[in-house]
Amino acid sequence: MIFCSLSGIIVSKFLNCVVEVDAYAVADSPDGNGSYLYKVVEEENSYKKRVYLGGQPVGFNLDLNGVMVVGFNEVDTQVGFAELKSDLKEGDIIRKIDGVNVDSSEDILRLLNSDDNKQTFTFGIMRGDEAMDLRISPLIDRVSGEYRLGISVKEQIGGIGTVTYIRQDGRFAALGHSVGAGGCADVSGGQVYGCKILGLEKGRRGRAGSVKGVLDKKNLLGTVEKNIPYGIYGNIDNPCGQLYDVGSRDEIVCGRAQLYSSISGKPEFYDIEIVKTSYQTEIHEKGLIVKVTDKRLIALTGGIIQGMSGSPIIQNNKLVGAITHVFVNDPLRGYGIYLDWMLQN
């Protein structure tokens with residue numbers, strides 16, 4: 001906003017509009033903070049707080065700080081095929097071996113076989129949100145004579161989720177919960193891509209539905225900077241869309257609301273009901289319980305399905321939260337997170 005005083009006239013450039021106000025009338029206004037000048041400043045401050053409404057499914061590729069164990073295999077040893085005996089579990093992220101960082105499966109082989117006299121190694125791992133050390137004795141491969149663990153690992157994790165909002169500076173938040181097996185995977189960064197939806201598996205009682213899609217690697221949208229318990233955060237290169245005011249958790253009431261989603265292939269508002277609001281003084285991803293009431297969405301997805309996490313919740317024309325989880329025994333119902341908590345992160 002630009003203010004300049006010209007012969008008693010204040011000119012405000014705001015949203016491509018020019019507002020002319022008598023400067024002396026501002027000073028003499030009887031309603032104090034309700035003065036013209038105050039209202040213009042207040043309007044611009046409100047504008048700056050608005051965010052672009054998300055709702056679009058996107059694909060994520062997250063680079064792990066380490067490698068994730070995704071399976072176990074047998075090793076051909078001198079005494080036959082055998083599996084590693086250790087406390088490693090699927091979903092564990094191996095970050096270090098004997099204090100040295102691990103970034104790939106090649107790093108594991110190199111570190112295990114760099115000292116011929118060593119038989120047991122200290123693995124620094126993350127299991128969910130818990131860091132721990134494991135003492136592991138590898139197996140010896142019969143053919144190569146080298147140490148082997150007999151595990152399959154991956155250096156990235158990916159998936160499909162929904163953007164909740166994008167700030168006007170391009171900062172975005174998505175999902176409303178973390179990504180990772182059994183907890184919040186420790187990531188060093190990542191990429192956000194467009195998503196091609198191939199189909200939808202409808203949810204039904206006892207089984208969650210899901211979005212079937214693939215990452216569109218030709219459509220890089222931005223970067224991921226962090227994966228925390230309350231969402232994925234990063235930067236979108238060219239933010240755009242509908243600007244919305246944001247509402248605090250104190251403004252939310254039980255009753256009618258809307259869910260915004262492009263799951264049908266185009267952005268649409270769907271009717272939902274906020275069934276319960278929880279009083280929270282600390283961040284948690286389950287602050288709301290919502291129920292889908294829109295027949296169009298029920299016919300399309302059966303309710304809330306995997307891939308819809310992060311879908312914006314609108315009430316009284318304000319963005320107030322995001323979908324985070326579905327009730328497996330009732331796909332019409334699910335949890336939501338207050339937008340307050342997402343904005344804080």
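The values are calculated or read from the model by the stated rules, or taken from the named source; none is laboratory data. Predicted model only: the values in this text are computed from it and were never measured. Note: ideal-geometry Cβ built from the backbone for every residue, glycine included; neighbour counts use all protein chains shown.
Count, please, the residues in region 287-345 that happen to be in a strand (DSSP E or B), charged (D, E, K, R) and over 29 Å from Lys49 (Cα atoms).
Of region 287-345, the ones in a strand (DSSP E or B) are 288-292, 306, 312-315, 318-327, 330-338.
In the following step, the residues that additionally are charged (D, E, K, R) were identified as 291, 318, 330, 333.
With the extra rule that they be over 29 Å from Lys49 (Cα atoms), the set shrinks to 330, 333.
Residues flagged as in a strand (DSSP E or B), charged (D, E, K, R) and over 29 Å from Lys49 (Cα atoms) within region 287-345 amount to 2.
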### Query
Tally time: how many residues in region 200-249 are of a type outside the set (Lys, Arg) and in a strand (DSSP E or B)?
27
#### Entry: Answer residue from region 242-268, given it is of a type outside the set (A, V, I, L, M) and surrounded by 16 or more Cβ atoms within 10 Å (Cβ to Cβ) and is farthest from Ile323 (Cα to Cα) among those
Tyr244
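Which of the strands (runs of 3 or more DSSP E) contained wholly in region 85-182 include at least 3 residues that are assigned by TED's automatic domain parsing to the domain that holds Gly209? Talk me through it step by step, then tell me what you get.
Details: elements: 93-97, 121-127, 130-136, 151-166, 171-174.
The qualifying strands (runs of 3 or more DSSP E) are 151-166, 171-174.
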## Note on the structure
Among the residues of region 330-345, the number that are over 18 Å from Glu273 (Cα atoms), surrounded by fewer than 24 Cβ atoms within 10 Å (Cβ to Cβ) and either of a type in the set (A, V, I, L, M) or modelled with pLDDT of 90 or more (or both) is 3
### Query
Within the set of pairs 6 or more residues apart or between chains, which connect a residue that is on the phi > 0 side of the Ramachandran plot inside region 280-309 to a residue that is assigned to a loop (DSSP other than H, G, I, E, B) and modelled with pLDDT under 95 with Cβ atoms less than 7 Å apart?
Gly302/Lys202; Gly302/Gly203; Gly302/Gly209; Gly303/Gly203
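Given the structure, is Ile274 of a type in the set (A, V, I, L, M, F, W, C), more than 17 Å from the chain's Cα centre (by Cα) and either crowded, with 16+ Cβ neighbours inside 10 Å or not assigned by TED's automatic domain parsing to the domain that holds Ser178 (or both)? Steps first, please.
Details: of a type in the set (A, V, I, L, M, F, W, C): yes; more than 17 Å from the chain's Cα centre (by Cα): yes; either crowded, with 16+ Cβ neighbours inside 10 Å or not assigned by TED's automatic domain parsing to the domain that holds Ser178 (or both): yes.
In short, yes.
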### Task
Scan Ile151, Ile157 and give me the residue that is more than 27 Å from Leu175 (Cα to Cα), touching a residue at least 24 places away in the same chain (Cβ under 8 Å) and among the β-branched types (Val, Ile, Thr).
Ile151
